[in-house]
Structures are given as structure tokens and as C-alpha cells.
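Colleague: If you scroll down you'll find the structure; I have some questions about it.
The values are calculated or read from the model by the stated rules, or taken from the named source; none is laboratory data. Please read these numbers as outputs of a predicted model, since none were measured by experiment. With ideal geometry, Cβ positions are generated from the backbone for all residues, glycine too; neighbour counts draw on all protein chains shown. Accessible surface is based on the protein model in full, side chains and every heavy atom, while ligands, DNA and RNA are left aside. Shrake-Rupley method; radii C 1.70, N 1.55, O 1.52, S 1.80 Å.
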Amino acid sequence: MRRHFWPSVLVALVTAAPAMSQTAPSSDGDRRAVGVIAGSRGAGIEVQYAWSNQLVLRGTVDALSAEATGRYRGFNYRVAGQGRSVGVFADWHPGGTAWLVSGGVFLGEPEVDLSGRPVRAVRVGGALFTPAQIGEVNGGIEANVASPFLGVGYDDTFTADRRWGARVMLGAAFSGTPRVHLASRGGTLSNSRAFQTRLAAEIDDLEDEVEPYSIYPVAQIGLTFRF
């Protein structure tokens, strides 16, 4: 049923467009807007230009920072992530309504740093090692610099009879399979070739686990001002 979701949304938007047609931008002074956004990619700012009553070009800058600690597979871990990106998008408003379909790309490489220490003997790459043998494990997760985006939403910046507008966006960014890198230090086997082989196998397993995150859900709300 999920595979029919996006086509159903697009059909609904196009079908509703004639009944919801509103006033198009009337002059160059009505074609520009700035705004603030917040959502799953953090907070940021955006600029918009109404190329026509159905096409709006949009640029964004956003930033996100988060940190978490916990226990996983016998490790006490800390994860710290931050990301900054710019985005370039084209929003199609069927029939000149506030409803839209958006496509574009986010550009920016998120940084996720990992560190952890085992609290008991744990398996690394299928073999059992003690905390003294492993020491501290440090590493990170990397994604592609460019993440294509597709979404649907509502934005009345250029259709409402007021300077202030509101927008809501739901979609997905396709960042590719994340890459994991890990290194051990301070353990009695940190420099052992056999342990490095096991650690490489563990990295492969972790990359398989994070593969579903190659599709990042995007949910945003925003407030705009037309000038």
C-alpha cells in the first residue's frame, strides 16, 4: 500500500487545483520572500522567488546539532552529530494554488562522531574480546554530500492576501548508504592485525544496519514574509 502513496497525493493535488486557484503574484515586488524554517533537518532560513504563478524557486540554509549517550552491544557510547546544508529547490504549485510538489537537492556533509568503551567482554566481527583488549573505539558515520529531495506540501506565501505566509513540507532526502569508520586505541590488541580484521568485519555489519537511513525523512514548517 505504501508504494501507491506518492501517486495518490499527486493525483489529489492536481484534481484539487482548479477549485482552489487563488491570486498570482502581480508584480516583481510581490515575487520575493524570505522566511524561517524548522523541522527534522534543524532550523534555518530560506529565500523564495515566484518565477510564475505555478513555479517558485527556493533556496535554504539549515543546521542541526544533537548528542546522545547510552549502551549498545555491551558498549557505553556517545554519539555527537551536527550538520549544515544548503538547499536548492523548485516548487510546482498546480493551478497556482498553495499546494505544491517540490524537488531539489540538499548539499552538505553531516558529521556524526562515535566513541565507546566496552563494559564487558563483547563480540567484534564474530570473535569475543575483553575490554582491556579493545580499549576505546572511536569513529564516525559519513553520508553523501548531495542528497536529492522530493516532497509535497502547502505554502501560501504568494497566494494569500497578506504579506505573511505559512508553509508545511513533508518529503524525503536520498543521501545514499552511510559509511562507517571505526578505530581502536588504548587496548592490548588495538594494533593487532587479527583484531583489525575483526573490526573491519564489524564495520561491514554496522553499515548494513544503518543502510535504511539512506532515506532521511524531511518534515518542516515555516513562516515567510513577501516583499
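Colleague: Roughly how many Å² is the accessible area per residue of the chain, as a whole number, for a 1.4 Å probe? Walk me through the numbers before you get to the answer.
Modeller: Values: 12500 Å² over 227 residues.
That works out to 55 Å² for each residue.
Colleague: Using a Förster distance of 45 Å, how high is the FRET efficiency between R32 and R78, based on the Cβ-Cβ distance and rounded to 0.05? Before the final figure, lay out each step's value.
Modeller: Working: r = 44 Å, r/R0 = 0.97.
For R0 = 45 Å, the calculated efficiency reads 0.55.
Colleague: OK, next. Leaving out ligands, DNA and RNA, and with a 1.4 Å probe, what % of the accessible surface on the chain is carbon or sulfur?
Modeller: Values: 7680 of 12500 Å².
Here carbon and sulfur together make up 61 percent of the probe-accessible area.
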